[in-house]
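Okay, so here's the structure we're looking at.
All of the numbers you see were taken from the coordinates with simple rules; none came from a lab. These numbers were taken from a predicted model, which means no experiment stands behind them. We place every Cβ from the backbone using ideal geometry, glycine too, and count neighbours over all the protein chains shown.
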Amino acid sequence: MRIVLQQPETGLYFKDIAQWVGNGQEAMDFVSSTAAIEFCAANKLKDLQIVLKFDEERCDIVLPLQGAEATHGAQPSHPA
């Protein structure tokens, strides 16, 4: 199983800061859903969902992020 972040509106997966891909296999794989949530909070990533990806796509589990991590805009912040 892989744990990835996805923009629900575009279907794109998070690969790296400011880099989103269409293929979930190319996405950054988090060690846990907690690590993915903490990463979103630390980087101010919003309006995302966690996807637990299995070998069979029909078995994937989608978990919408709620609260502070899911208010508006899915753009990573960039240090000035």
(request) In nm, give the distance between the simple-model label positions of Glu56 and Glu9, each being 7 Å from the Cα along the Cα-to-Cβ direction. (result) 3.4 nm
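Filter the GluC sites (Glu not before Pro) in the stretch 1-51 to those in DSSP coil with at most 10 other Cβ atoms within 10 Å of their Cβ, and list the result.
Numbers: sites: Glu9, Glu26, Glu38; in loops: Glu9.
Answer by residue number: Glu9.
About the Cα centre of the stretch 14-68, what is the dipole size in debye to 20, counting +1 per Lys and Arg Cβ and -1 per Asp and Glu Cβ, all else neutral?
Working: 5 positive and 9 negative charges, 54 e Å.
About 260 debye.
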(request) Check the straight Cα-Cα distances from Lys46 and name the aspartates and glutamates below 16 Å, setting aside those fewer than 8 residues away within the same chain. (result) Glu9, Asp16, Glu38, Glu69
